[in-house]
Each structure stands twice: as C-alpha cells, then as structure tokens.
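Any read-out appearing in this document is the output of simple, stated calculations on the displayed coordinates, not a laboratory observation. Not measured: the values here are computed from a predicted model. We place every Cβ from the backbone using ideal geometry, glycine too, and count neighbours over all the protein chains shown.
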Amino acid sequence: MLEVSGLEAGYGSFRALHDVSLTVAAGEAVAVVGPNGAGKTTLMRTVSGLLGRRAGRIVFEGTDLATVPPHRIVELGIAHVPENRRLFPRLTVEENLKMGAFSPAARPHFAERLEWVYSLFPRMRERRAQVAGTMSGGEQQMCAIGRALMSKPKLLLMDEPSAGLAPVIVDQVFDLVRRIRQEGFTVLIVEQNVRQVLELVDRAYVLEVGTIGKSGTAAELKSDPAIREAYLGI
Amino acid sequence: MDIFLLEAVVNGILLGGVLALLALGLNLIFGVIDVVWIAYAELVMCGMYAIYWLYAVHGVPLFLAAPMAIVFVAILGMLVHKLIISPILGSAPINQLLATGGLLFFLQSFATLLFGADFRNIGLRLPIIEIGDLFISFARLMAFSVALLGMVVLWLFLKRTYVGTAIRAIAQDREIMVLMGVDPKRVYLITSALGGGLAGLASALLVLQYDVHPFIGLSFGPITFMICVLGGLGSMIGGFVAAFIMSQIISVGGFYTSIELSYVLAFLLFIVMIFVRPQGLFGVKS
Ligand SMILES: Nc1ncnc2c1ncn2[C@@H]1O[C@H](COP(=O)(O)OP(=O)(O)OP(=O)(O)O)[C@@H](O)[C@H]1O
Ligand SMILES: [Mg+2]
C-alpha cells in the first residue's frame with residue numbers, strides 16, 4: 001500500500017533523513033520507533049506532504065506522491081494525526097471534525113461519519129460544542145484521531161498519540177488504536193512507548209539518527225537483545 | 001436628556017455600523033493572511049467612484065450599480081492579493097506595509113487622473129426621518145442596517161460553510177491546513193475577495209452620504225486602522241466593539257467640542273490604549 005524508498009528529507013542545510021526505505025501492506029499495523037531526534041516526525045511529515053522530499057520516492061497505492069499537490073494527498077486516503085495533536089484550539093470539537101471532512105470527496109459523508117466518530121468516541125459527542133483547546137490532553141487526542149478518521153482514510157499516520165498523557169490515559173489511547181485496527185484501518189504509528197506499541201503492531205522499524213536500523217516483526221524485535229536493552233529497559 | 005445629545009448618540013451608533021463593517025474586512029484579511037492592507041479605504045474610494053460612474057454618469061439604476069460595485073471591489077481585492085501580497089507573503093512586515101502603502105498612493109493618483117480632484121456627488125437626496133423631536137438621516141439608517149445585515153451574512157458564512165470554517169481555522173494553525181485537504185492559497189484568495197466585497201458594500205453605503213474624491217479614503221482609513229488596533233488586530237468581535245466606542249467618541253465628542261477635536265480625542269484614546277493594553281481590547285497576547 002505504501003512504499004517509501006531511498007527517502008531523503010531535511011530542514012535548510014540539515015539532513016534529517018537519508019536513504020529511508022519502508023513498506024506498509026494493506027491491513028497491516030507498522031510502528032516506527034527510535035530515539036528523540038531520530039527523524040520519526042520528519043518521516044511522517046514527508047509522507048503526508050507537510051514537508052518536501054529531497055530524494056527518493058513515496059508511492060501510495062501505485063501513485064507517486066511527488067505528482068500530487070500536498071493538499072490532495074488526504075483525498076488519496078492518507079490521514080495524519082500530527083505530533084502534539086495540533087487541533088484548532090478555538091474551534092469547537094465538531095468544527096474540528098468538520099475540518100477533517102473538508103476534502104470534496106468527504107463532504108457528502110459528513111453526517112454519517114460524524115455519527116460513526118461519535119460512536120467510536122462517545123466522549124466527543126458530549127463535548128461536541130466545547131472549544132477544543134479547553135479539553136484535557138486525552139480528549140484532545142481523541143478529537144485529533146477523530147478528525148483524521150473523518151476523511152475515512154485507507155492509511156492512518158499517527159505521531160506519538162500517547163505523548164504527554166497520564167499513564168491511565170496512555171492505556172486508553174492504546175485501546176483506541178487497537179479498536180481502530182479492528183475497524184480495518186492500515187496504521188503507521190510512531191511511538192516512544194515501545195513496549196506497548198510492540199504489543200499492538202505486526203511489524204516495526206527502528207529509526208536511528210536519520211536512517212533505518214533494525215526492522216522486523218513485533219515478536220522478533222521484542223526478543224532482540226539490543227532492542228530489549230535500549231527500548232524495553234530489560 | 002438633551003435632544004441634540006440624543007441625536008449625537010444615535011448618529012454615533014449609525015456611524016459605528018459602517019465603521020464596524022470596514023474594521024471587519026481589515027481584520028478578516030489580517031487574521032487570515034497576516035497582512036495589513038494599508039490601502040483598504042482606497043478600495044472603498046474605488047467602489048464609490050464605480051457607483052458614481054455607473055449611476056450618475058451612465059444612469060445605471062442604483063440597485064444594479066451597488067452589486068456591480070461590490071463585485072468590482074471584490075475582484076480588486078483578489079488582484080491586490082495576486083499581484084501585490086502573494087509575491088511578498090514571506091517577506092518582512094515592513095515590505096508588506098510599503099507595498100500596500102504604495103498601492104494607496106497609486107490608487108489616489110489614478111483616481112485623480114481619471115476623475116480629477118473635484119468632489120463628486122451622485123446627486124441622490126434621501127429623506128430625513130422624524131421620530132418625535134429626533135431627526136435621523138435615512139441614508140445613515142439604511143447604511144447602518146445594511147452594514148449589520150452584511151456582517152450577519154458574513155458571520156453565517158464563516159460559521160456554517162466549509163470554506164468559512166477553514167478561514168477561521170487557518171489563523172489558528174496555518175501549517176496543518178494542508179492535512180485537512182485545504183489549499184491555503186485558495187483560502188487567501190477567497191478571503192481577499194471577501195475583504196474586497198466588504199469594502200465594496202461599505203462604498204455603496206458611504207456614497208449615499210458623502211461626496212467622493214480621490215482622498216476620501218483618508219477620512220476612513222486611519223480611523224478603521226485605529227479601530228482594529230483598539231479591538232485587537234485580527235479579532236472580529238474586538239473590531240466590532242471598538243467601532244462603536246470610536247464612533248461614539250467622534251459623534252458625542254464632536255457634539256461637545258468640534259468634529260475636528262473629536263478625531264483628536266479618538267486618536268488620544270488610541271495612543272493611551274497602545275500603552276495600556278497593546279494587544280487591544282480582545283486581542284490575545286502574542
Ligand atoms: N522545523 C525544523 N527545523 C530544523 N530542524 C528540525 C525541524 N524539525 C525537526 N528538526 C530536526 O530534525 C531532526 C529530526 O527531528 P524529528 O522531529 O523528525 O525527530 P523525532 O524522531 O520525531 O523526535 P521526537 O522523538 O523528539 O519527536 C532533529 O535533529 C530536529 O532537531
Ligand atoms: Mg517527533
């Protein structure tokens with residue numbers, strides 16, 4: 001479904017990613033883990049079009065994303081839950097969800113998808129008229145995921161959905177991600193919470209300072225001595 | 001209460017409506033595109049000349065000339081964005097001020113070239129309404145009502161439609177709009193057309209009350225700018241409230257002193273506010 005090959009990206013003269021290759025097959029859940037500053041966010045931003053690529057290819061269902069203007073990528077079926085949620089703080093929950101259905105293909109389905117998102121997150125229905133910036137971190141994360149789901153994506157990119165949340169809420173967020181998987185979405189997720197994320201994905205890539213180091217199935221990585229020491233604290 | 005004072009208060013409220021409309025246009029542009037259109041009131045001048053030209057020179061009925069002027073100024077707004085703002089969007093604010101400031105002089109000179117420096121009047125006499133002892137100009141009352149109506153329609157547009165919601169959202173997080181499938185360039189262009197359209201509407205309301213001449217923009221531009229800063233640049237509610245504060249100072253202040261002095265008073269309040277509350281009444285501290 002998604003094939004990234006030889007990807008290079010950066011900021012100014014700084015090269016944040018080089019020669020990054022990975023694939024995600026339809027129906028899979030794949031994690032990208034790695035230390036702070038490894039370039040995980042940069043990778044997600046490049047896939048969703050927020051950041052231009054310098055070299056390499058990103059192909060989604062046979063379409064080279066270089067040929068698509070950034071604001072059209074969501075129409076192809078890629079939705080991105082960005083790092084730090086990035087809700088529109090002064091819009092209500094429902095208006096934030098509406099923005100998630102902005103693309104022409106999504107608009108006719110707004111009402112039915114809103115109903116669906118509210119059934120996934122009943123808390124959002126209660127908060128529908130609340131200004132998003134005044135909600136708790138966990139609620140904001142639900143809203144950010146809901147906003148991405150409003151475009152009914154084929155591939156959902158999630159950048160550290162559990163970051164900055166209290167431990168109980170972190171568990172809830174992982175439950176949410178598990179449910180989204182069960183709904184049949186293909187997921188590419190970045191997490192610092194390596195132990196928990198490996199419980200829920202099929203495969204994972206380890207990104208070390210700008211390039212892919214190890215990769216493998218979740219089970220392989222969980223039993224890898226180096227990974228256990230660096231990320232699982234065992 | 002003194003009937004003349006009451007009249008001054010009423011006139012202040014009526015004036016506030018049109019000023020609020022102008023402030024809304026300027027705030028909309030600033031909030032979304034992060035640029036101050038220094039030449040905003042000169043767009044109003046263009047609209048007034050358009051109506052003068054259509055109605056007084058070519059005999060197009062007013063109810064047609066007014067919408068035509070609104071569309072004309074909306075297109076001007078888009079041209080301002082495409083030709084002047086868009087190429088320098090990323091550059092320093094001072095360059096943007098200089099560019100739209102340059103447009104101000106350009107439009108003034110161009111109007112002088114086309115129409116000369118004479119004061120032109122569309123020659124329409126509207127009645128004065130008497131309510132008890134109170135005399136109210138029908139033109140002002142209409143300007144106020146239509147301005148309010150225009151603001152309600154804009155508010156509904158911003159609140160109800162996808163594009164309207166995107167216009168409010170883009171000021172809160174510019175970068176992320178692309179993830180929503182929004183092309184920021186298109187939102188900027190639509191906002192510029194809306195800002196122009198509001199100036200066009202204001203021009204249709206003002207041409208009923210004032211003569212048009214190449215420097216008419218100077219009567220409204222500075223006060224509109226002060227209103228926006230007083231309310232908090234980019235805050236539409238702030239601009240609305242500040243418009244009525246300023247219009248009362250001008251109208252009631254003018255009643256007690258003179259109209260010239262009342263503008264001095266308004267300016268003094270503006271200066272004091274800049275020191276006391278630089279972010280404006282409803283502005284968020286940056
Ligand atoms: N806007 C930017 N301008 C310049 N450099 C940046 C920018 N954003 C990120 N970087 C740099 O790029 C590198 C990769 O950053 P990135 O945010 O992709 O890392 P990350 O793996 O997501 O880190 P974290 O785990 O902290 O979220 C870092 O060295 C960072 O300092
Ligand atoms: Mg990151």
Counting other chain Cβ atoms within 10 Å of each Cβ in B:167-177 and taking the mean gives 5
Mean projected area (nm²) from the convex hull of Cα positions in region B:1-97 is 8.9 nm²
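Within region A:1-76, which trypsin sites (Lys or Arg not before Pro) sit in a loop by DSSP and count at most 16 neighbouring Cβ atoms inside 10 Å?
On the way: sites: A:Arg15, A:Lys40, A:Arg45, A:Arg53, A:Arg54, A:Arg57, A:Arg72; in loops: A:Arg53, A:Arg54.
Listed in order of number, the matching sites are A:Arg54.
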Expected sort for A:Ile227, B:Ile227, B:Ile128 with the fewest Cβ neighbours (10 Å cutoff) up front is B:Ile128, A:Ile227, B:Ile227
Candidates B:Leu113, B:Leu154, B:Leu54; GNM for chain B (alpha-carbon contacts under 10 Å) flags as most fluctuating B:Leu113
Connecting every pair of Cα atoms under 10 Å apart in chain A and solving the GNM, the largest mean-square fluctuation among A:Leu43, A:Leu188, A:Leu176 falls on A:Leu176
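Per-residue mean of other chain beta-carbon atoms within 10 angstrom of the beta-carbon, peptide A:70-81? Provide the component values of the computation, followed by the final result.
Details: counts 6, 10, 3, 3, 5, 1, 0, 0, 1, 3, 4, 1.
Mean partner shielding for this stretch: 3.
Grab the other residues whose beta carbon is less than 13 angstrom from that of B:Gly164, score K and R as +1, D and E as -1, and report the net.
Details: positive: A:Lys98, B:Lys159, B:Arg160, B:Arg168; negative: A:Glu95.
Summing Lys and Arg as +1 and Asp and Glu as -1 gives +3.
What does the extension gain come out to for B:Tyr256 and B:Ile271, with contour length at 0.36 nm per residue minus their alpha carbon separation?
Details: separation 15, 0.36 × 15 = 5.40 nm, distance 2.12 nm.
Here the segment from B:Tyr256 to B:Ile271 would lengthen by 3.3 nm.
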Ranked output for segments B:39-52, B:265-278 by mean other Cβ atoms within 10 Å, highest leading, reads B:39-52, B:265-278
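Tally Lys and Arg at +1 and Asp and Glu at -1 over the other residues with C-beta under 14 Å from the C-beta of B:Tyr52: what net charge comes out?
On the way: positive: B:Arg120; negative: B:Asp118, B:Asp211.
For residues surrounding B:Tyr52, the net value is -1.
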Correct semi-axes for region B:172-272, from √(5λ) of the alpha-carbon gyration tensor and rounded to whole Å with the largest first, are 32, 18, 10
Restricting to aspartates and glutamates and to Cα separations under 18 Å from B:Lys82, and discarding same-chain partners fewer than 8 apart, the set is B:Asp34, B:Glu42, B:Asp183
Quarter of the surface of the C-alpha convex hull for the protein assembly as shown, i.e. direction-averaged projected area in nm², equals 28.9 nm²
Tilt, helix A:110-120 to longest principal axis of chain A (alpha-carbon atoms), in degrees rounded to tens, equals 70 degrees
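Working out 0.36 nm times the residue gap between B:Phe115 and B:Ser86, then minus their Cα-Cα distance, what length gain in nm do you get to one decimal? Could you put the intermediate results ahead of the total?
Numbers: separation 29, 0.36 × 29 = 10.44 nm, distance 2.97 nm.
Length gained between B:Phe115 and B:Ser86: 7.5 nm.
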Honestly chain A on the Cα gyration tensor test (a ≥ b ≥ c root eigenvalues; a/c under 1.5 rounded, otherwise a/b vs b/c for prolate or oblate) is just oblate
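Taking a 26 Å limit on the Cα-Cα distance, which of the listed pairs B:Lys159/B:Lys185; A:Lys40/A:Lys152; A:Lys98/A:Lys154; A:Lys40/A:Lys222; A:Lys98/B:Lys185; A:Lys154/A:Lys222 fall beyond it? Each step should come with its number before you reach the end.
Numbers: B:Lys159/B:Lys185 20 Å; A:Lys40/A:Lys152 24 Å; A:Lys98/A:Lys154 19 Å; A:Lys40/A:Lys222 20 Å; A:Lys98/B:Lys185 20 Å; A:Lys154/A:Lys222 28 Å.
Listed pairs above 26 Å: A:Lys154/A:Lys222.
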Cα convex hull volume per residue for region B:3-276, in Å³, equals 134 Å³
Long-range amide H partners of A:Thr92, meaning residues 5 or more apart or on another chain whose placed amide H is closer than 5 Å, are A:Ala132
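Which of B:Val207, B:Val146, B:Val9 comes first, and how do the rest follow, when ranked by fewest Cβ neighbours within 10 Å?
Working: B:Val207 31, B:Val146 19, B:Val9 15.
Fewest to most other Cβ atoms nearby, the residues stand as B:Val9, B:Val146, B:Val207.
Within the set of other residues whose C-beta is less than 11 Å from the C-beta of B:Phe255, count the net charge using Lys and Arg as +1 and Asp and Glu as -1.
Once positives and negatives cancel, what remains is -2.
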By the C-alpha gyration tensor axes a ≥ b ≥ c (rounded if a/c is under 1.5, else prolate when a/b exceeds b/c, else oblate), the shape of region A:108-181 is oblate
Rounded to the nearest 10, the angle in degrees between the Cα long axis of helix A:167-182 and the longest principal axis of the Cα atoms of chain A comes to 90 degrees
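Could you work out the relative contact order of region A:61-187, using alpha carbon pairs under 8 angstrom and six or more residues apart, expressed as a whole percent?
On the way: 160 pairs, mean separation 45.7, N = 127.
RCO, region A:61-187: 36 percent.
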Exposure proxy check on A:Tyr205, B:Tyr256: fewest-to-most Cβ neighbours within 10 Å is B:Tyr256, A:Tyr205
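How high is the relative contact order of region A:78-152? Use alpha-carbon pairs under 8 Å, at least six apart in sequence, and give a whole percent. The partial results should precede the final answer.
On the way: 89 pairs, mean separation 40.2, N = 75.
With pairs under 8 Å counted, the relative contact order is 54 percent.
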Between the Cα axis of helix B:3-33 and the main Cα principal axis of chain B, the angle (0 to 90°, nearest 10) is 20 degrees
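Would you mind computing Rg(Cα) / (2.2 N^0.38 Å) for region A:78-152, counting N as its residues?
The value comes to 0.97.
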